[in-house]
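Here the structure is laid out as structure tokens; the discussion comes afterwards.
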Amino acid sequence: MATSVTPHAHAGPQGFIRKYIFSLDHKVIGIQYFFLALTAVWVGMFLSLLMRIHLLWPGVTLPLVGEIKPETYLSLLTMHGTIMVFFVLTTAPQGGFGNYFLPIQIGAPDMAFPVLNMLSFWTTFVAFVVIIAAFFVSGGAPLHGWTGYPPLSAIQQAGPGEGLGADLWITSIAIFCLASLMGALNFLTTTLDMRAKGMTMMRMPLTVWSWFITAILGLLAFGVLLSAGILLLMDRNLGTSFYVPLVVVNGQIMGHKGGSPLLWQHLFWFFGHPEVYIAILPGMGVASQILSTFSRKPIFGYKAMVYAMLGIGFLGFMVWGHHMFMSGMSPYSAFAFSLLTMCIGVPSAIKTFNWLGTMYKARIRFQTPMLYAIGFVSLFVSGGLSGPFLAQPVLDIQLHDTYFVVGHFHLIMGVAAIFGMFAATYYWVPKMFGRMMNETWGRIHFFLTLAGTYAIFMPMHYLGIAGGTRRYSQYTEVAYLQKLMPLHQFMTYAAIITIAAQFIFVINLFWSIFKGPKASDNPWESTTLEWTTATPPPHDNFGGVTPVVNNGPYEYGVPGAARDFVMQTDPAVGPAH
């Protein structure tokens, strides 16, 4: 039934530094990524709180922060977006949970390249330190937005924060790109080369498929952003003109000519739209895993789910122009991008209906991971419904610079992905740390967070339809925007309550890691390989024994089986159903 051959094995760590700091063990590296993202999300939330406070009380002077000027507001906006997109939405689902569980779920003893894995984490850590440093240098953090559009981002004299702060911002993203490329190579090689005997591609859990497809997207997208960032640094510091046309700043002609600001937009969004799916695909995988487990039913349409994710990954590279309808592109190009954007709704709808099909007539166990998985589906649908509006150039031109867009991408890309992370945390912490999280506090945290996120981001759509402009630091100068202040007030109070609710999660997490009730090897009665090994898993994952896979990943409710679930390592029960 099993063999003791362990390819790619490396010795167990000796000493504290090799075991917990510069570890080669994918499980330790996954935990490092997880806590880096947890740190980053608190920084990002704090910045968003400062923005909301400034929108409501523009003249207030805060302790430690001081007065928030309009340019400070734009710096907060820039850094909030960048930290959340790169160091939370990209880092936690792929680097954290992907690193920890992908090798275990395919029956491998570790990642294919353990040293490269360690390097990718520490490179990400350096990128995070560099971007935080931008707050503390002369001139402060940049104010060009998380998208970094030139000429504003390409000329040092363009505004406060556009000096050394902007250089650090670009350098941080370039370092992050290198780390992500190393990680993507590792994920692809591990998935293709190190699956256990019997673990065919169509027996892989949907989580593994989602990390695998995300790695493909990362490999193709981050290289483009890295190149674009290097060219931007050259424009800023070496006098080149890739992105900068002949421009005048403060009455002075800059020494640039012939560059195209639109070139940056094309390169950035060619990365930027796949990045949306890099953030959301692991959440889709986790939701599929958890919905099947807690519905006690096989996932509805496993192969359709796989092909839908592949379709999303493929189409994700063809729709970047829908971020640029305002740029004066040809109507023919706009029509092509609009059509392809509508097409990407098809695989997303397939996934949604399959999730609903999985829960239909099921014996659902409403435990905290399941609540978050259902919340993920809810937010994914709510955020996705505003997408087809923005896919129409004629509507997008009206809505593009309004809060409608902010509401859309926060729901579908921001909080939906974060709900995926919460679901994964409540589901896998028992396996990672050997302790159960508190169920009651988990549910309280869920309902407060779900209500809070809808209360923050749904009104943004109404603001946008009413013409509420985004990126304005205060609404005191524009008369018609005054009437929208009650909505901003409501959203700000909702944000304060929602951020406060996250303390419940953090306390529950750390309390449970050290003091929670001991977890059994398979507390959720799941079927995939991580639940066949000890809790927490040993250094080589399976105690020197390589598992042999005989069944599909979601064999629940099998007729004639002794229990209502069949593990992947159990004797074969016939074709997957």
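Length gained on full extension, A479 to I507, computed as 0.36 nm times the residue gap minus the Cα-Cα distance: 5.7 nm. The Cα atoms of segment 52-105 cover 53, 18, 17 Å along the three principal axes, with the biggest extent listed first. Ranking V28, W57, M359 by Cα position along the charge dipole of the chain, where only Lys, Arg, Asp and Glu carry charges on their C-beta atoms, puts M359 farthest toward the positive end. Please report, as a whole percent, how much of the solvent-accessible surface of segment 27-563 comes from carbon and sulfur atoms (probe radius 1.4 Å). Taking all protein chains in place, segment 27-563 shows 72 percent carbon and sulfur surface. Applied to segment 553-558, the Karplus parametrisation 6.51 cos²θ - 1.76 cosθ + 1.60 on θ = phi - 60° returns per-residue 3J(HN,Hα) values of x, 10, 8, 10, x, 6 Hz, with x for Gly and Pro. Of the cross-linked pairs K197/K303; K197/K515; K351/K515; K19/K303; K351/K518; K197/K351, those separated by over 31 Å at the C-alpha level are K197/K515; K351/K515; K19/K303; K351/K518. Projecting the Cα atoms of M326, A112, W511 onto the charge dipole of the chain, computed from C-beta unit charges around the Cα centre, puts W511 farthest toward the positive end.
Per residue, segment 27-563 exposes 36 Å² of solvent-accessible protein surface, assessed with a 1.4 angstrom probe and all protein chains in place.
Based on alpha-carbon atoms, the Kirkwood radius and the radius of gyration of segment 27-563 give Rg/Rh equal to 0.97. For the pair segment 270-317 and segment 96-130, the centres of their Cα atoms are 21 angstrom apart.
If you plug the beta carbon distance of A336 and L116 into 1/(1 + (r/R0)^6) with R0 = 45 Å, you get a FRET efficiency near 0.70.
Hydrodynamic radius of segment 205-328 by the Kirkwood approach over all distinct alpha-carbon pairs: 16.9 Å.
Summing Cβ point charges (Lys, Arg +1; Asp, Glu -1) relative to the Cα centre of the chain gives a dipole of roughly 940 debye. Put simply, the convex hull of the Cα atoms in segment 329-416 casts, on average, a shadow of 6.5 nm². Annotation: amide H of R435 within the under-5 Å range of A519, sequence separation 5 or more or interchain, hydrogens built in the peptide plane.
A Förster radius of 22 Å combined with the Cβ-Cβ distance from L164 to V249 puts the calculated FRET efficiency at roughly 0.80. In this rough spin-label picture, where each label sits 7 Å from Cα along the Cβ direction, the K361-L385 distance is 2.7 nm.
DSSP beta bridges in the chain, what fraction antiparallel, as a percent rounded to 5? So the antiparallel bridges amount to about 90 percent of the total.
Taking a straight Cα-Cα cut-off under 16 Å and skipping sequence neighbours fewer than 8 places away in the same chain, the aspartates and glutamates within cross-link reach of K431 are D25, E439, D521, E525, E530, D540. Under 19 Å of direct C-alpha separation, and excluding same-chain neighbours fewer than eight residues apart, K361 reaches these aspartates and glutamates: E555, D564.
The slack in the chain from R18 to K69, taken as 0.36 nm per residue of separation less the alpha-carbon distance, amounts to 13.8 nm.
Extension gain, L310 to C343: 0.36 nm times the residue separation minus the Cα-Cα distance gives 10.5 nm.
Of the DSSP H helices in the chain, those that are both long (alpha-carbon extent of 27 Å or more along the helix axis) and hydrophobic (Kyte-Doolittle mean at least 0.5) are 26-56, 114-133, 164-193, 206-237, 261-295, 439-465, 485-515. Each of V130, V244 has its accessible area taken with a 1.4 Å probe; listed largest first, they run V130, V244. Working note: Cα atoms of segment 394-487, range along each principal axis, descending, whole Å: 57, 28, 18. Centre-to-centre separation between the Cα atoms of segment 210-269 and those of segment 412-482: 31 Å. Farthest toward the positive end of the dipole of the chain, out of T527, W42, G161, is the Cα of T527, where the dipole comes from beta carbon charges about the Cα centre.
The values are calculated or read from the model by the stated rules, or taken from the named source; none is laboratory data. Since the structure is predicted, the reported quantities are computational estimates derived from the model, not experimental observations. Reconstructed Cβ throughout: ideal geometry from the backbone, glycine too, with neighbour counts over all protein chains shown. All accessible areas refer to the heavy atoms of the entire protein, side chains included, with ligands and DNA or RNA removed. Shrake-Rupley method; radii C 1.70, N 1.55, O 1.52, S 1.80 Å.
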